[in-house]
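What follows is a set of notes on a single structure, which appears directly below.
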């Protein structure tokens, strides 16, 4: 449904252009949830805004294509993009619930979305009613201001707004950040049910691997603005092929399992203004060898043609664990 080819993007700064996304290639099949994981500073949110083509100055796209149902989003005119935003592709950015207008009731904010996309007034209440039922919200929220709602309710309102115009494809960037664990679990379950019921295609972005393993069909791991591993949920969970994936998984506390402190990732993500010459992860990798700092690896097949990884030591590093 979406194909991303050789995508490169970054930011203009006082000291010149700083590249962030480096040769991003992946495809999203119809009716699946693709999870994209990585620490803060891995390029996930930059990728999300580029995919929705809302990447504005100082952001700059320097190459590549984003094909949505065969049409290149990066070559569309502004009026063409407006026609598909909301109606075909919807985007829930980070902290979206905080973007609700604080001085306007929820009902009017729903109306604003439909007016902007020329929905006939006669259909307003019917559409809103069906969407609220889908996200398990009482109609009483329509007469509330955002500050009168809990964080979970506001997030459900935002999800409802993203569904209002019946899009086929939704990009969700950290949609449960800031919510307590119980509410987060409920919203994740609802997102999965909605996706299955409506046959939606989703990209779900999070720094939390446990969330992505709970909801995703396929997973992409990002580090330093590039893909370091990709595959099905089972591939990545059961047979991690890149040390970053493995160390990130091992550093997640799990009930019934002792935390492996030796695998906790030390240090911080790369400085995009001075990338390492070799593998970007090598300075923090528990399995790195001297050659890793001089040779930048390419994506290649791991244990099957669809499971890709970017480590020159694979599979030897994995045989040491």
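The values are calculated or read from the model by the stated rules, or taken from the named source; none is laboratory data. Everything numeric in this text was worked out from a predicted model, so none of it was measured. Glycine gets a Cβ as well: all are built from the backbone with ideal geometry, and neighbour counts include every protein chain shown.
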*Among the residues of the range 253-275, which ones are at pLDDT 70 or above and loosely packed, with under 12 Cβ neighbours inside 10 Å?*
253, 261, 262, 266, 267, 268, 271, 273, 274
*What number goes with the only condition from (1) assigned to a loop (DSSP other than H, G, I, E, B); (2) more than 25 Å from residue 166 (Cβ to Cβ) that residue 20 does not pass?*
(1)
*For residue 279: the one exception among (1) without any contact (Cβ under 8 Å) to a residue 40 or more places away in the chain; (2) under 26 Å from the mean Cα position of the chain (by Cα); (3) in a helix (DSSP H, G or I)*: (3)
*If you go through the range 86-99, how many residues are buried (at least 18 other Cβ atoms within 10 Å of the Cβ) and under 15 Å from residue 168 (Cα atoms)?*
5
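Before we move on, is residue 56 modelled with pLDDT of 95 or more, farther than 20 Å from residue 160 by Cβ and not in a helix (DSSP H, G or I)? Reasoning before the result, please.
On the way: modelled with pLDDT of 95 or more: no; farther than 20 Å from residue 160 by Cβ: yes; not in a helix (DSSP H, G or I): yes.
Here the answer is no, as residue 56 does not meet what is asked.
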*Out of all the residues in the range 186-201, which are farther than 22 Å from residue 151 by Cα and touching a strand residue (DSSP E or B) at 6+ places or on another chain (Cβ under 7 Å)?*
200, 201
*Give me the pairs, please: first residue somewhere in the range 45-72 and in the same structural domain as residue 19 (by TED's automatic domain parsing), second residue anywhere and part of a strand (DSSP E or B) and modelled with pLDDT under 95, beta-carbon distance under 6 Å, and either six or more positions apart or on two chains.*
45/173; 48/173; 52/91
*Which of the residues spanning the range 28-39 are more than 20 Å from residue 242 (Cα to Cα) and either in a strand (DSSP E or B) or in contact with a helix residue (DSSP H, G or I) (Cβ under 6 Å, 6 or more places away or on another chain) (or both)?*
28, 33
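From the list 192, 139, 154, 197, exactly one residue is surrounded by fewer than 18 Cβ atoms within 10 Å (Cβ to Cβ) and outside the structural domain of residue 300 (by TED's automatic domain parsing). Which is it?
On the way: 192 fails: outside the structural domain of residue 300 (by TED's automatic domain parsing); 154 fails: surrounded by fewer than 18 Cβ atoms within 10 Å (Cβ to Cβ); 197 fails: outside the structural domain of residue 300 (by TED's automatic domain parsing).
Exactly one of 192, 139, 154, 197 is surrounded by fewer than 18 Cβ atoms within 10 Å (Cβ to Cβ) and outside the structural domain of residue 300 (by TED's automatic domain parsing), namely 139.
Do we have residue 175 as buried (at least 18 other Cβ atoms within 10 Å of the Cβ) and closer than 25 Å to residue 41 by Cβ here? Explain how you work it out, then say what you get.
Values: buried (at least 18 other Cβ atoms within 10 Å of the Cβ): yes; closer than 25 Å to residue 41 by Cβ: yes.
Judged against the criteria, residue 175 is a match.
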